Amino acid sequence: MKFCKLFSLPALAILCYINCWAQSVPAITLHLDQAGASVSPNLYGLMTEEINHSYDGGLYGELIRNRIFKDSKTAPEGWSFIQDDTASKASIKLIGATEERVPYDERDHAINGALSTCLRLTVEKAAGRVGVANEGYWGIPVRPSTTYKASFYIKGTARTESPRWPWEPKPTTPPLPDIENNTPGPVTVSIESNDGKTVYASGTINLGKSIYWKKYDLTLTTGADVQPTKDARFVISTNRTGLYYFNLVSLFPPTYNNRSNGNRPDLMQMLVDMKPKFLRFPGGNFLEGPLITDAFPWKTTLGPLESRPGHKGSWGYRPSDGMGLLEFLTWSEDMGAEPLLAVYAGYSLSGDHVDAGPLLKPYVDDALDEIEYVIGDTSTYWGSKRAADGHPRPFALRYIEVGNEDWFDRSNSYDGRFNQFRTAIEAKYPQLTCISTIADAQYPAIKVTSGKEPAVVDEHYYRNSWDMWEHASQYDKYDRKGPKIFVGEWATREGAPTTNLNAALGDAAWMTGMERNSDIVIMSCYAPLFVNVDTATATAPKAWQWDSDLIGYNALNSYGSPSYYVQKLFSHYLGDKIVPATVENISVQNRPLSKKDSADGIKPKTVPTIFYSATMNDTTGTIYLKVVNTIAKKQTIKINLDGAAKVSPRATIVVIKSDKPTDTNTISEPQKIVPLTSTVNGLRKTFRQSFPPYSVTVMQIQTR
Ligand code: AHR
């Protein structure tokens, strides 16, 4: 009664409304008065392998496709014959090292074991220009005032008319034409439009009259008025009759840090901008190869290009291995990142494996050699090789991953294999930590059980955004006494070839979970990193094998997906202490059930619509609060900074957002979704902040 006398009915209704609203308003409370764990200093890194033309036709600077003619055994892929007139008589042919009986003229053209296949241009009659053209990796990029380094081996030989030995049979194919004098003469080297009408840069080499294999180098410089294009080709041509054999034909544009045999500057800059802490290489499936004999052959990826035969690869095309072990290491060095080396552990994609024991020992020894190449001093055998290759200083290395995704090995041999590798590696290099590719939480039935528990395990997650939202808090529940977690491959797979905004919202939600738990999640890297986005042409297949990648490019241009910008945002705005946080009244949404879910009787699940994490720079007192709003509605959230001694009223806000979850960046619209920076005022210990629809936000709040 007394209560009713004190408040009139309308006033009561308003009070009740305010009270109810206050209770249901979503809130994030940062407990600054509670000690948070340290953020792993290595939390965000990169994962890389040769997939989607990541290196050949991607990061690796080489512009010539199939430079040693081994991409196909039947045709000189990427190469074509050009003839400007109709009266000339000429042709090209792939000449391969083969054990089969072949015409005499098609033997003995190997330069060495690696360069054992070449391209022959036969010019019987030259009424004009004839030659060989390379189409590059979906085009040769041309830019103004740019100097390209071209090089190639060339040979001109007289035909051999008679069998070398009396007992050898006569050739079954017609002999080569009798070419007058067999004089190779001068050749012209050019970068020109695909129709040959515009020459962007050219040079001439005066060959001797009759030459044996010889390497020629020249530079080609484009004019200042050239319009950038990728519709160009590389041509070596002549106006004279002769037999011309070519091998190791190379064309390099300027590279990042001017490294010889180096990387594409625009892509390197995008990676450097991500501030990665480590680079996991060389795979992925690329480490394993389809068969045991196809595993990443690190020894034949070293030294001059003349000694690199390339190998089969794991993604349907033959890598040149121009991006070899040393190039992976210097690439890490150029980014200020530490290498995280994965060693082949005796299991390949076909399911073949080598059991632990004496048969595995050569593989363990090979890994020890590889590690010595990376960190051995120059008094060691492999350390001295590294020095001879131009890098006397050992690289900093802390982690060795033993294999890749060995949960696929249904023979359960990984336990023994991992232990054999780890025992040998840690005996020789106690400072190194071996990572198991089977994680207890993901594969409890096949985890490593013998020997001691692995210190670090690698978990891989490829999911859609619903799965990411559903599992974003999975690490909140992980056993703190278990092994540390390396999330060595993960991605929200929506959008192709690069991901869309919805994928970025899945990524960001997942990253808040890793960040909040970076006391146990010590490292993570998104995969795949790169994709050449070119589609199939008349002469080249589609460039990519895996949808939903981070950074897209063609020969000329590149762009970051929304996921790329999320990666960059999370890596840039990261403190060194986790700020304990709690939430209230976060709205949820129902995850739609698939037909199969319904048939299986699975009940609808709810997932939060807001994801968050907070870290603090302990030195400056800056808080980085990350909030992901996954729905079409703006959400206003009360932020409580519990225990903050002081709060600066002004904060910087960086937002990634767009109107539709399917929105994305492309080659033609590379900047549709990029981070936008602004400031807000009026912050106090408790304040309200709106988060736009479909957005990822970082607030930088000063507390000192
Ligand atoms: O990232 C693409 C592939 O996914 C990797 O090569 C492999 O490790 C995983 O299955």
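The values are calculated or read from the model by the stated rules, or taken from the named source; none is laboratory data. As the structure is a computational prediction, the values presented were derived from the model and not from experiment. Note that each Cβ is placed from the backbone with ideal geometry, even for glycine, and that neighbours are counted across all protein chains shown. To get the accessible areas, we keep the full protein, side chains included, count just its heavy atoms, and leave off ligands, DNA and RNA. Shrake-Rupley method; radii C 1.70, N 1.55, O 1.52, S 1.80 Å.
From the list 265, 276, exactly one residue is under 23 Å from the mean Cα position of the chain (by Cα) and surrounded by fewer than 20 Cβ atoms within 10 Å (Cβ to Cβ). Which is it?
On the way: 276 fails: surrounded by fewer than 20 Cβ atoms within 10 Å (Cβ to Cβ).
Answer to the selection: 265.
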(request) Quick one: which residue in 321, 294, 266 is out of contact with any His (no Cβ under 8 Å at 6 or more places or on another chain) and touching a residue at least 12 places away in the same chain (Cβ under 8 Å)? (result) 266
(message) Out of the residues in segment 670-704 meeting the condition of being of a type in the set (A, V, I, L, M) and out of contact with any helix residue (DSSP H, G or I) (no Cβ under 8 Å at 6 or more places or on another chain), tell me which one is farthest from residue 24 (Cα to Cα).
(response) 676
(request) Give segment 38-81 a look and list any residue that's outside any loop (DSSP other than H, G, I, E, B) and within 16 Å of the ligand (Cβ to nearest atom), or say none. (result) 45, 46, 47
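Taking the condition open to solvent by less than 10 Å² (accessible area, probe 1.4 Å), among the polar types (S, T, N, Q) and closer than 30 Å to residue 396 by Cβ, does residue 517 pass? Show your work before the answer.
On the way: open to solvent by less than 10 Å² (accessible area, probe 1.4 Å): yes; among the polar types (S, T, N, Q): yes; closer than 30 Å to residue 396 by Cβ: yes.
Considered against the rule, which asks whether it is open to solvent by less than 10 Å² (accessible area, probe 1.4 Å), among the polar types (S, T, N, Q) and closer than 30 Å to residue 396 by Cβ, residue 517 comes out as yes.
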(request) Please determine, by comparing only the residues of segment 535-564 that are of a type in the set (A, V, I, L, M, F, W, C) and crowded, with 17+ Cβ neighbours inside 10 Å, which one is nearest to the ligand (Cβ to nearest atom). (result) 546
(request) Output the qualifying pairs, or none if there are none: Cβ atoms under 7 angstrom, residues six or more apart or on different chains, first residue in segment 330-348 and on the phi > 0 side of the Ramachandran plot, second residue modelled with pLDDT of 95 or more. (result) 346/353; 346/354; 346/360; 346/363; 346/417
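Condition check ((1) open to solvent by 50 Å² or more (accessible area, probe 1.4 Å); (2) of a type in the set (A, V, I, L, M); (3) on the phi > 0 side of the Ramachandran plot) across all residues:
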position: 439; (1), (2), (3): no, yes, no
position: 454; (1), (2), (3): no, no, no
position: 464; (1), (2), (3): yes, no, no
position: 467; (1), (2), (3): no, no, no
position: 472; (1), (2), (3): no, yes, no
position: 477; (1), (2), (3): yes, no, no
position: 481; (1), (2), (3): yes, no, no
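Going by the structure shown, is residue 567 within 16 Å of the ligand (Cβ to nearest atom) and either of a type in the set (Lys, Arg) or open to solvent by 20 Å² or more (accessible area, probe 1.4 Å) (or both)?
Details: within 16 Å of the ligand (Cβ to nearest atom): yes; either of a type in the set (Lys, Arg) or open to solvent by 20 Å² or more (accessible area, probe 1.4 Å) (or both): no.
When the stated conditions are applied, residue 567 does not pass them.
For segment 511-537, name all the residues that are over 20 Å from the mean Cα position of the chain (by Cα) and hydrophobic (A, V, I, L, M, F, W, C).
Of the residues in segment 511-537, the ones over 20 Å from the mean Cα position of the chain (by Cα) are 512-522, 536-537.
Selection gives 514, 520, 521, 522, 536.
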(request) Please verify whether segment 464-485 includes one or more residues that are away from the ligand (no atom under 16 Å from the Cβ), among the basic types (Lys, Arg), closer than 30 Å to residue 512 by Cα and assigned to a helix (DSSP H, G or I). (result) yes
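When segment 312-331 is examined, which residues are found to be part of a loop (DSSP other than H, G, I, E, B) and within 16 Å of the ligand (Cβ to nearest atom)? Steps first, answer last, please.
Taking segment 312-331 as the starting set, the residues that turn out to be part of a loop (DSSP other than H, G, I, E, B) are 312-324.
Listed by number, the residues that qualify are 312, 313, 314, 315, 316, 317, 319, 323.
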(request) Name the residue, out of 495, 488, 451, that is in a loop (DSSP other than H, G, I, E, B) and closer than 30 Å to residue 656 by Cα. (result) 495
(request) Give me a count of the residues in segment 286-302 that are in a helix (DSSP H, G or I), surrounded by fewer than 21 Cβ atoms within 10 Å (Cβ to Cβ) and of a type outside the set (D, E, K, R). (result) 3
(request) Enumerate the pairs (first residue in segment 581-597 and aliphatic (A, V, I, L, M); second residue anywhere and open to solvent by 60 Å² or more (accessible area, probe 1.4 Å)) with beta-carbon separation below 9 Å, excluding pairs fewer than 6 apart on the same chain, so at least 6 apart or on different chains. (result) 588/606; 593/602; 593/603; 593/604; 593/605
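Given the options 401, 338, name the one that is open to solvent by less than 10 Å² (accessible area, probe 1.4 Å), acidic (Asp, Glu), more than 24 Å from residue 308 (Cα to Cα) and under 23 Å from the mean Cα position of the chain (by Cα).
Values: 338 fails: open to solvent by less than 10 Å² (accessible area, probe 1.4 Å).
Being open to solvent by less than 10 Å² (accessible area, probe 1.4 Å), acidic (Asp, Glu), more than 24 Å from residue 308 (Cα to Cα) and under 23 Å from the mean Cα position of the chain (by Cα) holds for just one of 401, 338, which is 401.
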(message) Restricting to segment 262-285, name every residue that is away from the ligand (no atom under 16 Å from the Cβ), outside any strand (DSSP E or B), within 29 Å of residue 79 (Cβ to Cβ) and in contact with a Ser or Thr (Cβ under 8 Å, 6 or more places away or on another chain).
(response) 262, 264, 265, 266, 267
(request) Can you tell me which residue within segment 486-509, out of those that are open to solvent by less than 10 Å² (accessible area, probe 1.4 Å) and farther than 17 Å from residue 524 by Cβ, is nearest to the ligand (Cβ to nearest atom)? (result) 498
